[in-house]
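Notes for the one structure printed next.
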Ligand code: ARG
């Protein structure tokens with residue numbers, strides 16, 4: 001005799017129901033209910049295939065289909081009573097199906113297991129996130145292209161070690177992020193192609209003796225093909241790891257840009273003004289406008305990369321095939337996905353709204369001896385000095401200007417000639433920042449003409 005409290009789905013061999021603590025550690029319904037729509041889509045595809053293959057009757061398949069649609073609307077309308085005793089989304093839906101349509105519900109799980117079912121549901125969920133990730137990246141890249149176009153020829157300091165290095169253009173700086181987010185985009189697209197194989201029909205681990213058609217369910221669910229090895233199909237979580245890997249790298253990019261916006265919006269820099277819509281005030285200091293959105297974006301990489309690490313640790317050392325450890329795959333991915341999408345949207349909004357301060361950028365571009373390399377290059381080009389000598393002469397001129405508290409173009413010709421006799425008036429032509437950026441016409445360089453070329457290339461790529 002089976003104990004009344006034992007599980008309806010697999011209670012046959014159990015004499016008693018689970019301890020409350022067992023139920024608490026075992027249940028995943030608290031979070032996997034987020035995959036309800038995917039679970040129902042998978043079940044609909046499976047039931048239709050079972051009928052097409054003559055494994056269940058058409059009338060049972062029709063009852064299952066209608067029952068599943070009813071359940072979907074119950075869930076969407078918040079009328080569905082999720083039960084912890086029923087452990088997960090798969091058993092919650094199936095138990096409810098039994099209540100709604102009766103006996104045919106018991107035929108749905110023919111030739112299927114929760115192992116291939118959960119792998120399918122989770123893949124469909126992650127695939128939707130990859131699609132959202134792609135759209136979020138495209139929107140952000142477009143916002144950056146807008147900024148790059150508006151300020152293709154604005155000059156600003158370029159930094160190494162966060163020390164003024166050489167003048168660059170605002171457009172060039174924006175386009176550097178376009179390249180980064182563009183690589184993220186290509187990672188997302190690659191991952192989507194690679195993950196798009198259906199686990200459904202791998203059953204528990206070994207496949208099934210029922211004459212199922214895995215190509216049919218794969219097609220119905222928008223997969224390119226069924227996964228070719230049933231053992232791998234139920235135990236693979238690479239798709240989630242690739243999502244988290246791509247998300248981590250993107251979050252790192254977002255974090256770097258966010259850090260620049262925090263620095264740039266400070267009173268000491270004033271390179272940009274962030275909009276009120278993406279800033280907050282201080283409860284005590286009335287003058288404050290804080291770049292909170294940028295700071296939070298800067299921080300998101302912590303939890304997203306944390307999720308990546310967590311899932312790697314869950315998966316490492318697991319023998320084939322499914323182990324319950326794998327139930328720990330979802331919460332981290334859900335959290336990472338939510339936060340990534342939020343960070344992408346917030347960054348896009350901030351970029352669209354921000355105003356570069358052209359005057360301050362230009363003033364900063366000219367300070368810090370930023371055209372010293374142009375001077376050295378002039379000594380090489382015009383006077384024929386070896387670059388190392390030119391570097392040395394320029395260094396002495398920088399030291400002289402520093403001692404006098406002025407910039408390089410403020411030195412007189414006589415002062416320059418005291419360091420190197422052959423220097424002529426012509427040198428002043430290369431000490432301006434505009435000249436400096438305009439001269440950097442090498443492919444991928446900072447000259448506005450190059451930047452405009454890259455903007456056009458990206459617009460073409462995005463279509
Ligand atoms: N809730 C489970 C999970 O998220 C579903 C699969 C359960 N499979 C099993 N053999 N117990 O992984």
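The values are calculated or read from the model by the stated rules, or taken from the named source; none is laboratory data. All of these numbers come straight from a predicted model, not from anything done at the bench. Ideal geometry is used to build each Cβ from the backbone, glycine not excepted, and the neighbour counts take in all protein chains shown.
For the range 346-441, which helices (runs of 4 or more DSSP H) that fit wholly inside it have 2 or more residues that are closer than 30 Å to residue 296 by Cα and in contact (Cβ under 8 Å) with a residue 40 or more places away in the chain?
358-366
From 310, 299, grab the single residue that is away from the ligand (no atom under 16 Å from the Cβ) and modelled with pLDDT of 95 or more.
Within the list 310, 299, the selection yields 299.
Which one of the conditions (1) surrounded by fewer than 22 Cβ atoms within 10 Å (Cβ to Cβ); (2) over 17 Å from residue 118 (Cβ atoms) does residue 86 fail to meet, given that it meets all the rest?
(2)
From 316, 289, grab the single residue that is modelled with pLDDT under 95 and more than 16 Å from the ligand (Cβ to nearest atom).
Result of the check over 316, 289: 289.
Is it true that some residue in the range 21-30 is within 16 Å of the ligand (Cβ to nearest atom) and outside any helix (DSSP H, G or I)?
yes
Quick one: count up the residues across the range 93-110 that are outside any loop (DSSP other than H, G, I, E, B), out of contact with any helix residue (DSSP H, G or I) (no Cβ under 6 Å at 6 or more places or on another chain) and within 16 Å of the ligand (Cβ to nearest atom).
Of the residues in that region, 1 qualify.
State yes or no: is residue 133 out of contact with any strand residue (DSSP E or B) (no Cβ under 8 Å at 6 or more places or on another chain), within 30 Å of residue 254 (Cβ to Cβ), within 13 Å of the ligand (Cβ to nearest atom) and part of a helix (DSSP H, G or I)?
When the stated conditions are applied, residue 133 does not pass them.
The rows are residues; the columns are (1) free of Cβ contacts under 8 Å to residues at least 40 places away in the same chain; (2) more than 14 Å from the ligand (Cβ to nearest atom); (3) surrounded by fewer than 21 Cβ atoms within 10 Å (Cβ to Cβ); (4) part of a helix (DSSP H, G or I).
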| position | (1), (2), (3), (4) |
| --- | --- |
| 39 | no, no, no, yes |
| 46 | no, yes, no, yes |
| 79 | yes, yes, yes, no |
| 112 | no, no, no, no |
| 123 | no, no, no, yes |
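Criterion first (closer than 19 Å to residue 45 by Cβ, within 16 Å of the ligand (Cβ to nearest atom), part of a loop (DSSP other than H, G, I, E, B) and touching a residue at least 12 places away in the same chain (Cβ under 8 Å)) does residue 90 satisfy it?
no
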